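Here the structure is laid out as structure tokens; the discussion comes afterwards.
The values are calculated or read from the model by the stated rules, or taken from the named source; none is laboratory data. Computed from a prediction, not measured in an experiment: that's the story for all the values here. Don't worry about glycine lacking a Cβ; one is built from the backbone with ideal geometry, like all the others, and counts go over all protein chains shown. Heavy atoms of the whole protein, side chains included, go into the accessibility calculation; ligands, DNA and RNA do not. Shrake-Rupley method; radii C 1.70, N 1.55, O 1.52, S 1.80 Å.
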Amino acid sequence: MAALQTSTLDAMKINQNQLLADWAQRLEANGASRNVKEQDLKQQTAQFLQLIVAGLEQGNGQNVTAPGWDEIRQFLEKLSHSRALLGQDSHQTANFIFSLKGPMFAMLQNHYQDNPALLAEQLWEVSELLDALGMHTIRTFQKSREAVIKRQQEELLELSTPVVKLWDGVLALPMIGTLDSQRTQVVMESLLQRIVDTGSEIAIIDITGVPTVDTLVAQHLLKTVTAIRLMGADCIISGVRPQIAQTIVHLGLDLQGVVTKANLADALKLALTRLGISLGKAV
């Protein structure tokens, strides 16, 4: 099997500055440098080129999964994660690698202009290596992007389930949108933690913003109510509109003695009454 010649490595070292300059131009032209600071890009390109040379000097070959390429894989994983955070897509991220092909090929053509057979061999070897590194970058980018998306979804879920303190001993959780299993888990964790933190006795779950209530949504609500009761607090569900009430009756759902109110104001009034607090109009 052919391998990169020592002469090719020497050419890469001698022409390093030119390679980096041509590479930077191509990165700019194809959009692979979008949102990346110029100084960071210079540092990343220089480090990557040094890692390639170092790996080839150690005779690691083209198998980028081999232990000898550990350092460059770690570099690419870190690079992919940073690109995902910057909002780049997999194409732009992979082009960080593939954009090096042009400058490398031009350098090899000049270096082996008197030996066409060796030129073809070295072009193939360089192409195979960069392709392998590029594919590894795409794979790691996808994992990083999925992790970023998952974290953002979790943050959005937390933002969409704010626990509000309405009164001493009374918490409210206004629900907006569809209530699914994942969101129910976030709701329970957030609400139960706030009950512990504030020592509240009553929690109001307001479903005014929940578009529909079906059997699954009702089950999720019951799970949340049960968890609240296990914490020693009472629960009131508010925002039960006529349409939702009809749906619950039509589905034959049993809310198992859960107290419901038509709106948040009525729920708060009931909660204050249970706490022995009476409100009256100012004269």
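What number in nm² do you get for the range 159-283 if you take the convex hull of its Cα atoms and divide its surface by four?
Details: hull surface 32.1 nm².
Value for the range 159-283: 8.0 nm².
With a 1.4 Å probe and all protein chains kept in place, how do Thr208, Thr93 rank by accessible area, largest first?
Thr208, Thr93
When the Cα centres of the range 1-76 and the range 212-265 are compared, how far apart do they sit, in Å?
Cα centres, the range 1-76 to the range 212-265: 60 Å.
Residues of the range 1-67: accessible area per residue at 1.4 Å, in Å²?
Per-residue accessible area for the range 1-67 comes out at 59 Å².
At 7 Å along the Cα-to-beta-carbon direction for both Gln243 and Ser190, put a label point, then send me their distance in nm to one decimal.
2.4
Using r as the Cβ-Cβ distance of Ala3 and Lys150, and R0 as 35 Å, what FRET efficiency do you calculate, to the nearest 0.05?
0.25
So, R0 is 35 Å and r is the distance between the beta-carbons of Thr226 and Ile277; what FRET efficiency does that work out to, to 0.05?
For R0 = 35 Å, the calculated efficiency reads 0.85.
Picking from Gln25, Leu86, Val36, whose Cα lies most toward the positive end of the charge dipole for the chain (charges on Cβ: Lys, Arg +1; Asp, Glu -1)?
Leu86
Roughly what would the spin-label model give for Leu85 and Ala120, points 7 Å off Cα along C-beta, in nm?
4.7
With r as the distance between the Cβ atoms of Ala262 and Thr215 and R0 = 22 Å, compute the FRET efficiency 1/(1 + (r/R0)^6) and round to 0.05.
0.50
How large is the accessible surface per residue of the range 84-128, computed with a 1.4 Å probe and reported in Å² as a whole number?
Working: 2070 Å² over 45 residues.
I get 46 Å² per residue for this part.
Report the gain in length on full extension from Gln50 to Asp180: 0.36 nm times residue separation, minus Cα-Cα distance, nm rounded to one decimal.
41.8 nm
Only bridges with both residues in the chain count here: give the DSSP antiparallel percent, nearest 5.
Taking every DSSP beta bridge within the chain, about 20 percent pair in antiparallel fashion.
Limiting things to C-alpha atoms, what are the Rg and the maximum Cα-Cα separation (Dmax) for the chain, in angstroms?
Reported Rg and Dmax, both Å: 30.9, 103.
Please report, as a whole percent, how much of the solvent-accessible surface of the chain comes from carbon and sulfur atoms (probe radius 1.4 Å).
Heavy-atom surface of the chain belonging to carbon and sulfur, 1.4 Å probe: 53 percent.
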